[in-house]
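Inspection log for the structure reproduced underneath, given as structure tokens.
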Amino acid sequence: MSHQVFASSAGADSAALDARVAELLGRMTTAEKIGQMSQVNAGDAVIPDHLREDIKAGKVGSVLNQVNVDTVNKLQRIAVEESRLGIPLLVGRDVIHGFNTILPIPLGQAATWNPELVRKGARVAATEAASAGINWTFAPMIDITRDPRWGRIAESPGEDPYLASVLGAAMVEGFQGTDLTQPGTIAACAKHFAGYGASESGKDYNTTNIPQNELRNVYLPPFKAAVDAGVATLMASFSDLDGVPATGNRFLMRQVLREEWGFGGFVVSDWASIEQLTIHGFSANKRDAAYEAVTAGVNMEMASTTYRDHLKELLDSGRIDMALIDEMVAGILQLKFRLGLFENPYTRLSDFPPIANEDHLAIAERAALESIVMLENRNDTLPLKKDKLDSLAIIGPLADDPYEQLGTWIFDGKTELSRTPLQAITGMLGDAVKINHVRAMETSRSPYSDTFEEARQAAAASDAVVVFLGEEAILSGEAHSRANIDLPGDQAELVRLLKETGKPVIAVIMAGRPLTLANIVDNVDAMLFAWHPGSMGGQAIAKVLFGAHSPSGKLPVTFPRMVGQVPIYYAHKNTGKPATAKTYLNIDDIPVRMPQTSAGMVSTHMDAGITPQYPFGYGLSYTRFSYADISVSNEQVPMGGRLTIAAVVTNAGDVAADEIAQLYVRDLVGNVTRPVRELKGFTRLHLQPGESRQVSFELDTSDLAFYGRQMQLMTEPGEFHAWIGGSSEASLQTGFTIVDE
Ligand code: BGC
């Protein structure tokens with residue numbers, strides 16, 4: 001078989017790099033090459049003898065899960081000083097949303113719609129991880145998902161390809177900086193390539209069937225953006241894509257990634273995902289699995305040993321040739337050179353600022369602050385006013401739980417750094433307000449108990465009630481999918497009892513996914529969705545509750561009313577029979593024995609309404625923003641030309657606040673049907689009361705391109721609608737036409 005030449009970036013530096021790689025490759029034995037392609041778990045406190053021997057023998061290219069800097073340095077020393085060629089190790093770790101200092105879960109960070117902040121957050125994580133000797137993180141996870149049942153939605157940037165592309169690229173830049181030799185930068189890994197977020201029924205690791213057109217228009221763009229941002233590595237997904245598991249998928253890793261995108265970095269498997277090709281029923285045995293993965297372009301095997309055990313045999317039998325192995329190893333060596341590991345293999349703590357320092361905590365707090373989405377605020381219940389309160393009830397399983405607020409994937413998170421809501425509110429209010437705290441539920445899953453009555457009494461004895469609900473950290477994340485996404489346990493009953501007191505009830509929800517909130521929404525006066533907000537979550541929540549910061553997060557994912565609406569997302573197609581408020585008839589309003597056409601003959605659920613509970617892009621504020629004067633620079637845009645769409649945003653309330661102005665576009669007619677709206681731009685702006693500002697979005701006609709029937713990227717001439725506003729339901733509309741000259 002023929003192999004694509006190892007892609008490298010242009011320039012003298014890269015020529016020098018290629019020469020170093022080629023020179024080193026030329027000195028390597030087959031066993032040493034295969035060694036570079038093997039990543040092994042090194043999480044033990046004491047380095048086991050077999051690992052020491054394997055590193056010495058050049059049989060290990062990378063380790064993962066060791067975070068003790070002395071042990072990492074020892075491992076590097078064995079590789080550098082005791083192996084024949086002295087090739088340093090890549091040291092990998094899942095640094096997903098912080099290392100010791102924990103930022104909001106990635107889905108929460110996506111709710112900030114703030115790439116600069118996301119970039120800074122990734123830098124905090126990189127700096128702390130690098131000080132432990134880690135030089136490679138398995139992040140960002142940029143799987144688009146439209147299924148809140150899937151536990152890994154917590155790790156993802158949500159449902160939208162554009163938002164995910166912008167934020168994923170920002171994370172890559174944050175982790176990697178502009179020069180990987182600099183202290184505090186680490187290699188990033190865009191994962192999971194590709195389509196994992198479409199796992200059927202939201203069950204983890206499940207089958208995906210994604211038509212190529214949808215794959216290219218929805219699931220791949222964030223990966224393309226990460227590649228364009230210079231991401232060093234990608235991880236192949238566990239999932240099966242249209243019958244070909246991603247880990248053995250040549251179309252994905254050869255055609256799309258290398259040939260079409262020119263990716264010059266390398267691909268790592270997911271944990272044992274190569275040997276799992278046999279379990280998928282894709283390969284008859286581990287040797288065949290190794291063959292499929294290596295020919296598809298997986299450079300390095302994580303955790304399992306099919307490469308180590310079988311590549312030599314595959315070479316000897318002529319099924320693969322040395323050129324393929326050289327290509328795979330070159331990608332790995334190149335990253336080691338780019339990281340400066342040959343010059344500086346060891347980590348010196350003195351090169352780093354102290355872990356979890358004030359700057360890091362401040363960025364974690366800012367990220368938490370900007371991630372909080374206000375879903376309801378009836379009668380301006382929020383913000384609470386300290387001087388109008390004598391007492392405040394603080395109720396619920398997540399009010400004072402330093403661990404649960406951190407969320408999933410926090411291997412190295414330090415609970416002692418956590419600022420809980422109870423701590424923060426108590427600190428903020430001092431002695432002025434009496435706090436009546438009742439946890440009420442041992443965990444988020446607890447059933448009704450006597451402590452509910454205690455909570456009710458505390459509420460009755462207070463001027464207002466803040467109830468901290470949600471999901472424990474373990475209810476989302478890898479392999480933690482749910483079929484029912486209501487608040488677990490008897491939380492809805494707790495809310496009902498609190499509401500009975502007649503006191504204003506403010507729900508603050510911390511969770512790793514969108515939840516169905518229909519059974520509490522009428523029993524709360526205000527509701528904040530805080531995701532799992534990380535170390536400084538409590539502080540951020542307290543600031544929002546008491547008005548030190550107006551809520552400014554916007555949903556990066558649609559919240560369904562009922563789980564049966566899933567998948568539900570704003571960028572859906574129109575269908576031939578779209579539902580409108582006029583044509584929709586609710587199941588309860590359908591007269592008995594009406595003709596078959598009674599439900600309006602439109603595409604909808606009779607029992608769920610035609611809208612989600614909360615749409616993508618939605619989030620309330622303590623002020624009111626109005627949008628007006630939408631304009632388009634040129635109504636006729638020549639193909640290849642540019643246009644600017646602008647509108648004036650006014651802070652029409654009396655509180656200074658941030659708003660996220662969003663641009664949506666609809667391509668009315670396409671070679672393939674197009675979504676009813678697509679996000680094409682957004683910006684976060686801060687406005688004083690009464691202040692107006694023009695927001696403008698510049699588009700090139702190539703920004704309106706999509707993959708058509710022949711899988712060709714194309715912008716078509718024709719009519720477009722555009723909206724600017726504060727959510728995907730923005731109503732301020734204009735339009736333009738692209739003309740072929
Ligand atoms: C996950 C990856 C992760 C890897 C290493 C796998 O189970 O799917 O996302 O990076 O483990 O911990």
**Request:** Assuming R0 = 56 Å, can you tell me the calculated FRET efficiency for the pair Asp629 and Arg445, based on Cβ-Cβ distance, to the nearest 0.05?
**Result:** 0.65
**Asked** When the chain is fully extended, how far beyond the present Cα-Cα distance does Asp309 get from Val676, taking 0.36 nm per residue of separation?
**Response** 127.0 nm
**Request:** With a 10 Å radius around each residue's Cβ, average the other Cβ atoms per peptide and rank 391-398, 76-83, highest first.
**Result:** 391-398, 76-83
**Request:** Counting only DSSP beta bridges with both residues in the range 625-739, tell me the antiparallel percent, nearest 5.
**Result:** 95
**Asked** Using a Förster distance of 30 Å, how high is the FRET efficiency between Glu729 and Met606, based on the Cβ-Cβ distance and rounded to 0.05?
**Response** 0.85
**Request:** Counting other beta carbons within 10 Å of each Cβ, put Ile474, Ile541, Ile738 in order, fewest first.
**Result:** Ile474, Ile738, Ile541
**Prompt:** Along the Cα-to-C-beta direction of Asp179, a point sits 7 Å from the Cα; which residues of the range 123-149 have their amide N less than 20 Å from that point?
**Reply:** 123-124, 126-128, 130-131, 135-136
**Message:** Let me understand the chain better: what is its radius of gyration from the alpha carbons, and its Dmax, in angstrom?
**Reply:** 26.7, 84
**Request:** Would you mind checking which residues have amide H under 5 Å from Phe193's amide H? H placed 1.01 Å from N; only 5 or more apart, or other chain.
**Result:** Met235, Ala236, Ser237
**Message:** Neighbour counts of other C-beta atoms within 10 Å: give me Val91, Val67 arranged from fewest to most.
**Reply:** Val67, Val91
**Item:** Full-extension gain in nm, Leu713 to Ser350, via 0.36 nm per residue minus C-alpha separation
**Value:** 125.7 nm
**Request:** Find the eigenvalues of the gyration tensor of the Cα atoms of the range 570-611, then list the square roots of 5 times those eigenvalues as equivalent ellipsoid semi-axes, largest first, in whole angstrom.
**Result:** 20, 11, 7
**Message:** Using only DSSP helix segments of four residues or longer, with each worth -39500 (n - 2.57), what per-residue ellipticity at 222 nm results for the chain after dividing by its residue count and rounding to 500?
**Reply:** -7500 deg cm²/dmol
**Complete:** As a percent rounded to 5, the proportion of antiparallel DSSP bridges among beta bridges in the chain is 55
**Message:** I want to check the label-to-label distance for Trp261 and Ser696. Put each point 7 Å from Cα in the C-beta direction and report it in nm to one decimal.
**Reply:** 3.3
**Asked** Packing-wise, with mean Cβ within 10 Å as the measure, how do 577-588, 13-24 rank, highest first?
**Response** 13-24, 577-588
**Asked** Stretch Asp390-Asp242 to full length: gain in nm at 0.36 nm per residue minus the Cα-Cα span?
**Response** 47.2 nm
**Request:** May I ask you to sort Met28, Met253 by Cβ crowding, counting other Cβ atoms within 10 Å and putting the fewest first?
**Result:** Met28, Met253
**Prompt:** Using a basic spin-label model with each label point 7 Å from the Cα along Cα→Cβ, how many nm lie between Glu500 and Met639?
**Reply:** 6.8
**Nearest-ten-degree value, helix 358-371 long axis tilted from longest Cα axis of the chain** = 60
**Request:** State, to one decimal in nm, how far the label point of Thr597 lies from the label point of Ala45, with both points 7 Å from Cα in the Cβ direction.
**Result:** 7.6
**Prompt:** In terms of the ratio Rg/(2.2 N^0.38 Å) built on C-alpha atoms, what value belongs to the range 625-739?
**Reply:** 1.14
**Message:** Given a Förster distance of 35 Å, report the FRET efficiency between Ala432 and Leu685 from their Cβ-Cβ distance, rounded to the nearest 0.05.
**Reply:** 0.55
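We did not get these values from a lab; they are worked out from the coordinates using the rules stated. If you're wondering where the values come from, they're calculated on a predicted model, not measured in any experiment. Neighbour counts run over all protein chains shown; Cβ positions are idealised from the backbone, glycine included.
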